[in-house]
Amino acid sequence: EGIGFELDKWGCPVVDKKTFQSTREGVFFGGDAAWGPLNIIWAVEHAHQAAISIHAYCQGASVADRPAPGMNLLTTKMGLHEWAYGNDYNPAKRQKMKHVDLAERFKTMSIEVELGFDAEQTAREVERCLNCDVQTVFSDKLCIECDACIDICPVLCLTITHDGEEADLRGRLSAPAPNTSQDIFVSGPLPQTKRVMIKDEDLCVHCGLCAERCPTAAWDMQQFVLQLPYAGRPAGEKKGGAP
Ligand code: SF4
Ligand code: SF4
């Protein structure tokens, strides 16, 4: 009241979740001030979104028109069995963090309790990475249905079968896919038999063996890069306007 924009029952400004604009045109909020405590990652994202709105507002453009994000996929293949990422997936359990001895901890309140991983533990942890930024990308037109990728997949997440309704398909996979909140990948019809390639992303460890084994490069391991728009700069454009 008296400051020109509405406050909610918690005394926080009422803010549009898309534009970050308050009920007073040209006044923007983000972070804790807008929606209460969140983490620093959200605070940074709010600032980016608010900056996009402020830029549009200063240009006389609509703050509701948001620039779309972009994406890029780049093959990581470097040779027959060589990838630009570490594909040697290690199924070992998470390394146990070492802690400062309990008696030591009581000597001062400001002591850092976790000692961190040593070099050997760090190397093991790195190999547990599932490389979620590296995607299995499938080209149905290239597939000759030789089944080599199905045979080699260590977690049985690939299946070639006749197309059908999703519930029916889930019951016909090499390994059951009971998690219905995770979409399954279903390719277009394969050139020879019109069957489809199905992949359960829940199981995939991104090892790249399907792509190494495939004789026609129908599978490829491609790195996904999300391109975010910034204030006055569309997604994918570098600083200074270069693409
Ligand atoms: S990347 Fe590895 S786990 Fe994933 S589908 Fe290919 S062979 Fe299977
Ligand atoms: S290895 Fe390649 S060609 Fe053979 S079934 Fe798999 S994707 Fe198709």
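The values are calculated or read from the model by the stated rules, or taken from the named source; none is laboratory data. In this text the structure is predicted, and so the values were computed from the model without any measurement. Note: ideal-geometry Cβ built from the backbone for every residue, glycine included; neighbour counts use all protein chains shown.
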Report whether or not Asp140 is out of contact with any His (no Cβ under 6 Å at 6 or more places or on another chain) and within 14 Å of ligand 1 (Cβ to nearest atom). no
When residues of region 204-243 are limited to those that are within 16 Å of ligand 2 (Cβ to nearest atom) and among the aliphatic types (A, V, I, L, M), the one nearest to Thr136 (Cα to Cα): Met221
Please go through region 48-84 and give me each residue that is under 30 Å from Gly116 (Cβ atoms) and surrounded by 15 or more Cβ atoms within 10 Å (Cβ to Cβ), ordered by number. Thr76, Trp83
Selection from region 149-179 of residues within 12 Å of Asp202 (Cα to Cα) and either touching a residue at least 60 places away in the same chain (Cβ under 8 Å) or hydrophobic (A, V, I, L, M, F, W, C) (or both) yields Val155, Leu156, Cys157, Leu158, Ala175, Ala177
Count, please, the residues in region 213-229 that happen to be modelled with pLDDT under 95 and surrounded by 18 or more Cβ atoms within 10 Å (Cβ to Cβ). 1
When you check Cys204 against the structure, is it in a loop (DSSP other than H, G, I, E, B), crowded, with 17+ Cβ neighbours inside 10 Å and either in contact (Cβ under 8 Å) with a residue 12 or more places away in the chain or in contact with a helix residue (DSSP H, G or I) (Cβ under 9 Å, 6 or more places away or on another chain) (or both), yes or no? yes
Which numbered condition Arg124 misses (of (1) surrounded by 14 or more Cβ atoms within 10 Å (Cβ to Cβ); (2) away from ligand 1 (no atom under 16 Å from the Cβ); (3) on the phi > 0 side of the Ramachandran plot): (3)
Only one of Leu228, Leu209 that is touching a residue at least 12 places away in the same chain (Cβ under 8 Å) and under 20 Å from Ala84 (Cα atoms): Leu209
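One residue is enough: does region 128-150 have a residue meeting the conditions in contact with an Asp or Glu (Cβ under 7 Å, 6 or more places away or on another chain) and either under 18 Å from Val225 (Cβ atoms) or assigned by TED's automatic domain parsing to the domain that holds Glu45 (or both)?
Looking for residues that are in contact with an Asp or Glu (Cβ under 7 Å, 6 or more places away or on another chain) and either under 18 Å from Val225 (Cβ atoms) or assigned by TED's automatic domain parsing to the domain that holds Glu45 (or both), one finds at least one in region 128-150, hence yes.
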